[in-house]
Amino acid sequence: MSGWLKDKGHLARMAGLFAFGITAFLVFRWLMVPAGFGLYGHYRAGALDDAGARPLHYAGRAACEGCHTDIVEARQGSRHARIGCEACHGPLIKHAQAPTEVKPTRPDGRVLCVRCHETNPWKPKGFPQVKVADHSDSGPCTACHKPHAPKIS
Amino acid sequence: MNPDRRAFLQKTGKLLVLSASASVAWEAIVAGRPETAENYKMSDHWWGMVIDIDVCIGCGSCVRACKEENDVPREPLFFRTWVERYQVTPDDLEHPTVDSPNGGYDGFPVKDKVDEKVKHFYVPKLCNHCHQSPCVQVCPVGATFVSPDGVVLVDKTYCLGCRYCVQACPYGCRFIDPRTETVDKCTLCYHRITKGLTTACCETCPTGARQLGDLKNPKDPIHEFLREHHVLVLKPQMATGAKVYYNGLDGSVR
């Protein structure tokens, strides 16, 4: 009856030891490997959500254009028309979400323009550039150019 | 007696370390996952970018916007994207003069004496979001990876700060954030592109020199651009599977 178990107690002990070891490993692994690890690859799937959950700062020009239709009209046909509003006005999502509470400051009508339009040999030849020192005095460029439609006709 | 006590101390020490690390890991787990973006299916997208050197004016809008949007450290200055300026003697492509004062953050200083014989141009740079990226391959812990929509991201809760990937990137696009001692890099504004917005750098580029593109969307204008221009990726010989395509890239650029 107990013939096949005879002299095999050491095997049972071994099996028990292995079972314990494997269970301990699995428990430890379950504790250590974060949720979602390996779902898409050798990384934590939640990292994608972390990266996607950061706060926004730039609203995007579509948002600005939804409200400021007068500016859209002013820009129509001008060579500035394709520049995103926030390239000049800075990040304004807080304003776009609460327009009356967060009032944007007006950009400096000189520093802003010079950054893009000062003559520099690295710039592409076709880009409108001026030697600022020769072109105007130290006043704002916006004294002559309208920022949303800069051509003086 | 003594050896026993030493063994005991060693064992409890190990146990303490193990349970401490386990509890740290557990904290990360119970912190949970923020909601996945709605209406966004990763498998429908494969992100890349085109950069048109012929129209870049070096205004630095992209560099400033990137810092605003992504809280990139400013003191000292680090960059997820930056603009280099090249001066090349046309017949000596191997020795360009390259500089990038403050990465272009303040725009570029003017040069009064211009040698008409020298070629001048700007080269905006950022992570190339390679899909066979060496930086991902060297990460020992799975803290950096290519997402299913083709963006190379870093898991900041997992990164050890070992700097292998910083070394491995052939384009110099990674740095160690001094505040967290973990690696940081361009995420292609993952928090924006998954919500249907373009990246901060593309949003503020005045000339369209940078354009985000979804290579899996047949209607995306990037396909037409790639068809109609002779484009190149940086260091194609490295076979990194880079997805930032440059138009008008000079042979002197590396």
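Within segment A:28-60, the set of residues being more than 7 Å from every other protein chain (Cβ to nearest Cβ) and within 15 Å of B:Thr199 (Cα to Cα) comprises A:Pro55, A:Ala59. Of all residues in segment A:127-153, those that are on the phi < 0 side of the Ramachandran plot have Cβ atoms under 7 Å from Cβ atoms of residues that are among the polar types (S, T, N, Q) and part of a loop (DSSP other than H, G, I, E, B), 6 or more apart or on another chain, in A:Gln129/A:Thr119; A:Val130/A:Thr119; A:Lys131/A:Thr119; A:His148/A:Ser78; A:Ala149/A:Ser78; A:Pro150/A:Ser78; A:Lys151/A:Ser78. Pull out all pairs, ordered by first then second residue, where Cβ-Cβ is under 6 Å, the residues are six or more apart or on different chains, the first lies in segment B:179-201 and is within 20 Å of B:Pro148 (Cβ to Cβ), and the second is of a type in the set (Phe, Trp, Tyr). Cβ pairs passing all conditions: B:Leu188/B:Trp47; B:Thr194/B:Tyr40.
Selection of segment B:234-247 for residues being in a loop (DSSP other than H, G, I, E, B) and surrounded by fewer than 19 Cβ atoms within 10 Å (Cβ to Cβ) yields B:Lys235, B:Ala239, B:Gly241. Just one residue in the set A:Phe25, A:Phe18 is away from chain B (no Cβ under 14 Å), assigned to a helix (DSSP H, G or I) and surrounded by fewer than 19 Cβ atoms within 10 Å (Cβ to Cβ); that residue is A:Phe18. When segment B:64-114 is filtered for residues that are within 12 Å of chain A (Cβ to nearest Cβ) and part of a strand (DSSP E or B), the ones remaining, listed by number, are B:Val83, B:Glu84, B:Arg85, B:Tyr86, B:Gln87, B:Val88, B:Thr97, B:Val98, B:Asp99. Condition (residue is assigned to a loop (DSSP other than H, G, I, E, B) and away from chain A (no Cβ under 11 Å)) applied to segment B:187-204: is it met by at least one residue? No, every residue in segment B:187-204 fails to be assigned to a loop (DSSP other than H, G, I, E, B) and away from chain A (no Cβ under 11 Å). Taken over segment B:162-196, the criterion of being within 18 Å of B:Ser133 (Cα to Cα) and over 16 Å from the mean Cα position of the chain (by Cα) is satisfied by B:Cys162 alone. Residues in segment A:111-120 that are surrounded by fewer than 19 Cβ atoms within 10 Å (Cβ to Cβ) and not in a helix (DSSP H, G or I): A:Thr119 only.
Yes/no matrix, rows are residues, columns are (1) within 30 Å of A:Asp134 (Cα to Cα); (2) surrounded by fewer than 17 Cβ atoms within 10 Å (Cβ to Cβ):
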{"position": "B:Glu68", "(1), (2)": "no, yes"}
{"position": "B:Asp71", "(1), (2)": "no, yes"}
{"position": "B:Phe79", "(1), (2)": "no, no"}
{"position": "B:Tyr86", "(1), (2)": "yes, no"}
{"position": "B:His95", "(1), (2)": "no, yes"}
{"position": "B:Gly107", "(1), (2)": "yes, no"}
{"position": "B:Val110", "(1), (2)": "yes, yes"}
{"position": "B:Val114", "(1), (2)": "yes, yes"}
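Scanning for something touching a helix residue (DSSP H, G or I) at 6+ places or on another chain (Cβ under 6 Å), outside the structural domain of A:Pro128 (by TED's automatic domain parsing) and either at pLDDT 95 or above or assigned to a helix (DSSP H, G or I) (or both), does segment A:74-91 turn up at least one residue? No, that holds for no residue. Could you tell me whether segment A:46-53 includes any residue that is over 30 Å from B:Val152 (Cβ atoms), surrounded by 12 or more Cβ atoms within 10 Å (Cβ to Cβ) and out of contact with any Phe, Trp or Tyr (no Cβ under 6 Å at 6 or more places or on another chain)? There is no residue in segment A:46-53 that is over 30 Å from B:Val152 (Cβ atoms), surrounded by 12 or more Cβ atoms within 10 Å (Cβ to Cβ) and out of contact with any Phe, Trp or Tyr (no Cβ under 6 Å at 6 or more places or on another chain). The single residue among B:Arg210, B:Arg254 that is within 18 Å of the chain's Cα centre (by Cα), under 16 Å from B:Glu84 (Cβ atoms) and modelled with pLDDT under 95 turns out to be B:Arg254. The set of residues from segment B:117-140 being at the interface with another protein chain (Cβ under 9 Å from one of its Cβ atoms) and in a loop (DSSP other than H, G, I, E, B) comprises B:Val118, B:Cys139.
Give B:Tyr86, B:Tyr158, B:Tyr164, B:Tyr171 a once-over and let me know the one that is touching a Gly at 6+ places or on another chain (Cβ under 8 Å) and more than 25 Å from B:Asp44 (Cα to Cα). Among B:Tyr86, B:Tyr158, B:Tyr164, B:Tyr171, only B:Tyr158 is touching a Gly at 6+ places or on another chain (Cβ under 8 Å) and more than 25 Å from B:Asp44 (Cα to Cα).
The values are calculated or read from the model by the stated rules, or taken from the named source; none is laboratory data. Note that this is a predicted model, so its numbers are computed, not measured. Positions of Cβ are generated from backbone atoms using ideal geometry, with glycine treated the same way; all protein chains shown enter the neighbour counts.
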